[in-house]
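What follows is one structure encoded as structure tokens, with my remarks underneath.
The values are calculated or read from the model by the stated rules, or taken from the named source; none is laboratory data. Worth saying up front: this structure is predicted, and the values here are computed from it rather than measured. Here the Cβ is made from the backbone with ideal geometry for all residues, glycine too, and neighbour counts use every protein chain on show. When the accessible area is computed, the model is the full protein with side chains, heavy atoms only, and any ligands, DNA or RNA have been set aside. Shrake-Rupley method; radii C 1.70, N 1.55, O 1.52, S 1.80 Å.
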Amino acid sequence: KNTVIVTVFTVLAAGTISFLAAYGISHLRGSISRGLYTLFVFGQIIPFHTVMISVSVLATKLHLTNSYLGLIFFNSGFFTAFGIMTYVGFLKSVPLELEEAAAIDGAGVFRTMIQIVFPLLKSTTVTMAILFFLWTWNDLLLPNILISDGALRTITVNLYMFKSATNAQWNLLIAGLVISMLPIIIIYIAGQKYITDGMTAGAIK
């Protein structure tokens with residue numbers, strides 16, 4: 001339950017923020033657009049291990065430890081760099097004439113963004129949602145840092161707890177591994193077509 005809650009809300013938050021920010025960046029011109037894009041690209045190359053202590057201190061000061069909100073907040077922050085970078089590349093390939101035609105027909109910016117542009121990014125959106133799901137579902141470091149309450153542990157932390165230096169509860173460990181793998185397999189099979197389309201489109205562009 002803990003892992004499902006954190007994963008679902010992280011995917012929704014990271015995906016929404018990524019698209020909205022990327023849409024704004026792709027419509028800016030000049031050094032502002034390039035500067036913001038470069039900023040998020042740099043966010044991709046910073047390893048999580050270099051900011052673990054800072055994240056722990058910040059989470060403590062903001063009272064985000066031992067809560068779903070803390071995991072969702074920090075996971076979304078880490079994932080949006082990749083999401084924005086990916087969305088910007090696709091949004092710049094969308095013909096501007098589509099948005100101009102929508103504006104002539106009386107559509108506002110928000111309606112154009114949601115009803116005209118967003119449907120064109122279906123493959124990209126599904127691909128990123130699956131990646132965000134996998135990264136959150138399989139994450140061990142962040143939940144291990146932020147969660148000390150046993151009732152709030154995610155499935156990866158609990159699997160880690162089943163195995164110690166002196167003993168391994170193999171029956172619980174194997175059962176837990178099967179449970180943890182099933183959602184990933186199901187979601188990957190269901191979204192395989194979109195992942196393939198998204199990667200192919202990205203390669204062509």
Filter segment 83-102 down to residues that are small (Gly, Ala, Ser) and modelled with pLDDT of 85 or more and give me whichever is surrounded by the most Cβ atoms within 10 Å (Cβ to Cβ). 83
Can you tell me which condition residue 136 does not meet? The list is (1) among the β-branched types (Val, Ile, Thr); (2) open to solvent by less than 20 Å² (accessible area, probe 1.4 Å); (3) within 27 Å of residue 101 (Cβ to Cβ), and all the others hold. (3)
In segment 103-142, what count of residues is obtained for those that are touching a residue at least 60 places away in the same chain (Cβ under 8 Å) and part of a helix (DSSP H, G or I)? 20
When the residues of segment 39-97 are filtered to those that are outside any helix (DSSP H, G or I) and either small (Gly, Ala, Ser) or under 12 Å from the mean Cα position of the chain (by Cα) (or both), which remaining residue is farthest from residue 133 (Cα to Cα)? 93
On the given criteria, is residue 13 out of contact with any Ser or Thr (no Cβ under 6 Å at 6 or more places or on another chain) and either closer than 20 Å to residue 89 by Cβ or among the small types (Gly, Ala, Ser) (or both)? no
I need the full set of residues from segment 1-22 which are crowded, with 21+ Cβ neighbours inside 10 Å and among the hydroxyl-bearing types (Ser, Thr, Tyr), in order please. 3, 7, 10, 18
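Please give the helices (runs of 4 or more DSSP H) falling wholly within segment 155-205 in which 2 or more residues are within 23 Å of the chain's Cα centre (by Cα) and at pLDDT 75 or above.
Ranges flagged: 155-161, 170-190.
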List the residue pairs whose Cβ atoms are under 8 Å apart, where the first residue sits in segment 2-16 and is of a type in the set (Phe, Trp, Tyr), the second is at pLDDT below 95 and surrounded by fewer than 18 Cβ atoms within 10 Å (Cβ to Cβ), and the two are 6 or more positions apart or on different chains. 9/68
